[in-house]
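Colleague: Got a structure here, written out as structure tokens. Questions coming.
Throughout, read-outs are computed from the coordinates displayed, never taken from laboratory work. As the structure is a prediction and not an experimental result, all values here were calculated from the model. Virtual Cβ from ideal backbone geometry, glycine too; neighbours counted across all protein chains shown.
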């Protein structure tokens, strides 16, 4: 022994008197065997010549060995060569004999013939009776299941994290009060806020001020046990940009099925909105094309009157009363033409971003829309009848888009009434809803087509006469405004389109 | 110019009726204005009318001008020539060309119109009638 024994052996003679001499013969041996056979570890007692002195039952069973070929065998004969080489077990054991210090725990993988690979946590403990270590105990704890479990848990965790982090959608979780608990990469990317900046904040506070109630409500309902909730609620980014997001909230349940939080998955609708904006605009221009004939005709009447009046004024002999009449006809004609052009421009102008939302009076909106469409309707021998509430019908929305809805519905009604007739436009308040109704006495929709009228590109018009987008755009816009659109139709009798929007208090 | 000639002006736009009425009266015509196809047909069916020329708007509230011209030929005994005065069609529109070549209309004038243009169209049409 080269190194001096620095640490006194734990069971030094002074503190724990050796019990062997004070108990009846054989008692300890029995106890020792009993303990060893029942302990759930594999134990080997090894002497200084590195031979196995004793092996417990657990070791023999796990290693598929017998007492005969184990006890008395060298440790290198008990463990396969590869393990001996890999773990350097012999030198480690020698080291314990030399230092008298236990070996810090390490892991080994051991595959006994005919059994699956097991993973052991092992340690070598010096067993000394006197100042020198005569035996060491090799303790092997089978941790295969634990390791596998941890490994599995880690894998699932990693997998879930990858799923959440690599999602293109915002994946946000909150506690039951709506405070943000997790915030994935997409959420960071889309909002411009890093996770550590938003954790603990209310998710609703990250939303557009006027829509925060919507988010709160959605989270509240989920925590109260309602099924999955979905709603469009705008998120305000770090730079102040409003990002339209389609949220879907679902509950996070704990082991006792109690709601412990909410997971909100949000889809960024920015690109879709931009695309829709394009479609809306081109469809509107297509509709304007249809209306151009009517507008040209409408313009030429006041122009014709003014032109004639001006020509009468060229006659120097005219009487002053008649000349004044001519001047007033000219002024009147110019004002009328100018009003027609103004209406037209208001329509042709690209819609401001669809997120520009304000308070709108549907009655005023309908009057303006009808003034633009009436000339075209008149050309088709169609009278547009206005049935409006006497008081303003207020909704929150985008004027341009809602005007487009009504325009498309009226144009659709006109197309459905080729022989001329009446189209009734109603704007009214029904309980807490605002209604816009367009009724025609035209050809109606066949039962087979009823389910398809709001489909994009569905049209019964000949090629070149309709894009088939008008009603589908109405549907999209109305849905964006949190409303619904419905069709009641009897083939051959006519149709009623009803748009319902949430009403603002007057 | 032709005294005592009665002209029927059919247009649903009062200001246009005013312009044509004023112009034609100044040139010695007797003018009757009607604002719809139905009224025009009704008046033309009166036995006491002596209509020699009809100016029709192309788009009336109840009927198209060309269709009204057809109804006048079919449903009345009036043989007066028809001049289509329109802000809707162009001269080279097929509807206008077809109606001209079929003799359904005798002339076409666009709105807004030069007074000289409409007067000369009227005089040519009436001249042809006399021959």
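Colleague: Using 0.36 nm times the number of residues separating residue A:387 and residue A:94, minus their current alpha carbon distance, what extension gain do you get?
Modeller: Answer, rounded to one decimal: 95.2 nm.
Colleague: Under the rule of -39500 (n - 2.57) per DSSP H run of 4 or more residues, summed and divided by the residues of the protein assembly as shown, what mean residue ellipticity at 222 nm is obtained, to the nearest 500 deg cm²/dmol?
Modeller: Computed mean residue ellipticity for the protein assembly as shown: -13000 deg cm²/dmol.
Colleague: Please give the contour-minus-distance gain from residue A:57 to residue A:270: 0.36 nm per residue of separation, less the Cα-Cα distance, rounded to one decimal in nm.
Modeller: 69.8 nm
Colleague: Distance from a point 7 Å along Cα→Cβ of residue A:220 to each backbone N in the range A:240-279: keep the residues under 16 Å and list them by number.
Modeller: none
Colleague: Roughly speaking, what is the centre-to-centre gap between the range A:86-154 and the range B:86-101 when only Cα atoms are used, to the nearest Å?
Modeller: Cα centroid of the range A:86-154 versus Cα centroid of the range B:86-101: 106 Å apart.
Colleague: For an R0 of 45 angstrom, estimate the FRET efficiency from the Cβ-Cβ distance between residue A:314 and residue B:77 and round to the nearest 0.05.
Modeller: With a Förster radius of 45 Å, E is 0.70.
Colleague: Once the cut-off is 19 Å, how many percent of the Cα-Cα pairs in the range A:423-502 end up in the long-distance tail?
Modeller: Tail fraction, whole percent: 40.
Colleague: Helix A:470-480: angle to the longest alpha-carbon principal axis of chain A, degrees 0 to 90, nearest 10?
Modeller: Helix A:470-480 sits roughly 50 degrees off the main axis of chain A.
Colleague: Once you keep just the Cα pairs under 8 angstrom separated by 6 or more residues, what percentage relative contact order results for chain A?
Modeller: 7
Colleague: Based on the Cα coordinates of the range A:167-268, what is the per residue volume of their convex hull in Å³?
Modeller: Dividing the Cα hull volume of the range A:167-268 by its residues yields 84 Å³.
Colleague: The range A:408-450 to the range A:160-211: how many Å between their Cα centroids?
Modeller: 43
Colleague: Enter the mean number of other protein chain beta carbons within 10 Å of the beta carbon of each residue in B:52-63, as an integer.
Modeller: Average per residue, whole number: 2.
Colleague: Using the reciprocal of the averaged 1/r over all distinct C-alpha pairs, how large is the Kirkwood radius of the range A:72-159 in Å?
Modeller: After inverting the pairwise mean of 1/r, the radius is 14.6 Å.
Colleague: Report D for the range A:273-502 in µm² per second (integer): Stokes-Einstein, Kirkwood Rh on Cα pairs, 25 °C, 0.890 mPa s.
Modeller: 129
Colleague: Run the simple label-point estimate for residue B:36 and residue A:167 please: 7 Å along Cα→C-beta, distance reported in nm.
Modeller: The answer from the label model is 6.4 nm.
Colleague: Using R₀ = 22 Å, calculate the FRET efficiency as 1/(1 + (r/R₀)^6) where r is the Cβ-Cβ separation of residue A:446 and residue A:479; round to 0.05.
Modeller: It comes to 0.35.
Colleague: Compute and list, largest first, the equivalent-ellipsoid semi-axes of the protein assembly as shown from the alpha carbon gyration tensor, each √(5λ) rounded to a whole angstrom.
Modeller: Listed largest to smallest, the semi-axes of the protein assembly as shown are 102, 23, 20 Å.
Colleague: Size of the range A:369-496 along its principal axes in angstrom, Cα-based, largest extent first?
Modeller: 38, 28, 25
Colleague: Please report how far the C-alpha centroid of the range B:24-58 lies from that of the range A:219-286, rounded to the nearest whole angstrom.
Modeller: That distance is 66 Å.
Colleague: Right, another one. If I take the Cα coordinates of the range A:19-146 and project them onto the principal axes, what are the three extents in Å, biggest first?
Modeller: Extents along the principal axes: 45, 30, 28 Å.
Colleague: What angle do you read, to the nearest 10 degrees and between 0 and 90, between the alpha-carbon axis of helix A:399-415 and the longest principal axis of chain A?
Modeller: 60
Colleague: What is the spin-label model distance, in nm, from residue B:6 to residue A:460 if the labels are put 7 Å beyond Cα along the C-beta direction?
Modeller: 4.7
Colleague: Quick check: the angle from helix A:212-223's long axis to the longest principal axis of chain A, C-alpha only, nearest 10 degrees?
Modeller: 40
Colleague: Would you mind giving the mean number of other chain beta-carbons within 10 Å of the Cβ of each residue in A:307-316, as a whole number?
Modeller: That works out to 4 on average.
Colleague: With no solvent and one point on each alpha carbon, what is the Debye value of log10 I(q)/I(0) for chain B at q = 0.11, 0.13, 0.14, 0.22 Å⁻¹?
Modeller: -0.32, -0.46, -0.54, -1.56
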